[in-house]
Amino acid sequence: MLFRPVRLMILLAVAFGAGMLYERERRAEECLQNAGVLRDILCE
(Lines give C-alpha, C1' and ligand atoms only; values in the text may rest on other atoms or scores of the structure.)
Protein backbone atom coordinates (compact mmCIF):
# COMPACT_ATOMS: atom_id res chain seq x y z
CA MET A 1 0.00 0.00 0.00
CA LEU A 2 2.84 2.40 0.77
CA PHE A 3 4.71 1.40 -2.38
CA ARG A 4 2.38 3.20 -4.82
CA PRO A 5 2.95 6.77 -3.55
CA VAL A 6 6.69 6.16 -3.33
CA ARG A 7 6.77 4.78 -6.86
CA LEU A 8 4.72 7.76 -8.09
CA MET A 9 7.15 10.24 -6.52
CA ILE A 10 10.13 8.44 -8.07
CA LEU A 11 8.50 8.41 -11.51
CA LEU A 12 7.61 12.10 -11.22
CA ALA A 13 11.19 12.95 -10.24
CA VAL A 14 12.58 10.97 -13.20
CA ALA A 15 10.13 12.60 -15.62
CA PHE A 16 10.98 16.06 -14.26
CA GLY A 17 14.72 15.41 -14.60
CA ALA A 18 14.31 14.11 -18.15
CA GLY A 19 12.26 17.19 -19.06
CA MET A 20 14.91 19.51 -17.64
CA LEU A 21 17.68 17.76 -19.58
CA TYR A 22 15.64 17.84 -22.79
CA GLU A 23 14.84 21.53 -22.45
CA ARG A 24 18.43 22.45 -21.62
CA GLU A 25 19.70 20.58 -24.69
CA ARG A 26 17.08 22.26 -26.88
CA ARG A 27 18.10 25.70 -25.60
CA ALA A 28 21.78 24.90 -26.22
CA GLU A 29 21.08 23.91 -29.83
CA GLU A 30 18.99 27.05 -30.35
CA CYS A 31 21.78 29.19 -28.91
CA LEU A 32 24.38 27.62 -31.20
CA GLN A 33 22.17 28.21 -34.23
CA ASN A 34 22.11 31.90 -33.34
CA ALA A 35 25.93 31.93 -33.11
CA GLY A 36 25.89 32.27 -29.33
CA VAL A 37 27.75 30.63 -26.48
CA LEU A 38 25.77 28.94 -23.73
CA ARG A 39 27.13 29.76 -20.27
CA ASP A 40 25.25 28.17 -17.39
CA ILE A 41 21.70 28.92 -18.54
CA LEU A 42 22.30 32.15 -20.45
CA CYS A 43 23.01 32.48 -24.15
CA GLU A 44 25.65 35.11 -24.80
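The values are calculated or read from the model by the stated rules, or taken from the named source; none is laboratory data. Please read all numbers here as calculations on a predicted model, not as lab measurements. When we count neighbours, we look across all protein chains shown, and the Cβ atoms used for this are built from the backbone with ideal geometry, even at glycine.
Just give me the residues in segment 16-36 being assigned to a loop (DSSP other than H, G, I, E, B) and loosely packed, with under 10 Cβ neighbours inside 10 Å, in sequence order. Quick ask: steps written out before the conclusion?
In the first step, residues of segment 16-36 are kept if they are assigned to a loop (DSSP other than H, G, I, E, B); the result is 34-36.
Of everything in segment 16-36, those that are assigned to a loop (DSSP other than H, G, I, E, B) and loosely packed, with under 10 Cβ neighbours inside 10 Å turn out to be N34, A35.
Scanning segment 7-44 for residues that are modelled with pLDDT of 90 or more and hydrophobic (A, V, I, L, M, F, W, C) gives L8, M9, I10, L11, L12, A13, V14, A15, F16, A18, M20, L21.
Name the residues in segment 1-15 that are surrounded by fewer than 10 Cβ atoms within 10 Å (Cβ to Cβ) and part of a helix (DSSP H, G or I), would you?
So in segment 1-15, the residues surrounded by fewer than 10 Cβ atoms within 10 Å (Cβ to Cβ) come out as 1-6.
Result: F3, R4, P5, V6.
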